[in-house]
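Each value in this text was obtained by applying a stated rule to the coordinates, not by laboratory testing. Just so we're clear, the structure is a prediction, and the values are computed from it rather than from any experiment. Don't worry about glycine lacking a Cβ; one is built from the backbone with ideal geometry, like all the others, and counts go over all protein chains shown.
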Amino acid sequence: MLKTFLMVIQVLVSLGLIATVLLQSGKSAGMSGAIAGGAETFFGKKKGMDELLSKITAYLAIGFLVITLMISIAF
């Protein structure tokens, strides 16, 4: 029963982790990055949202690690 509960929680945390990673803006590189970088300085960038998503990603990653260790040690 406990193992099933932990597995369900792990799946939910992993889906949240995938979603937060995909929602983050990518690091611009190359020629397209130079063009986009100029647009970001003119129009502004949503820095608050990126920082929030970064924190949520870190917490979900720690949670995933802890739950995975609990499953592997306890069972």
Per 0.36 nm of contour for each residue apart, how much would the distance between Val21 and Ser72 grow if the chain were fully extended, relative to their Cα-Cα spacing? 15.9 nm
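Please give the FRET efficiency for Ser54 paired with Val11, using the beta carbon to beta carbon distance and R0 = 30 Å, rounded to the nearest 0.05. Display every interim value, and only then the final one.
Numbers: r = 23 Å, r/R0 = 0.76.
With R0 = 30 Å, the Cβ-Cβ based efficiency is 0.85.
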Evaluate the distance, in nm, between pseudo-label points positioned 7 Å from the Cα of Phe64 and of Met1 along their respective Cα→Cβ axes. 3.0 nm
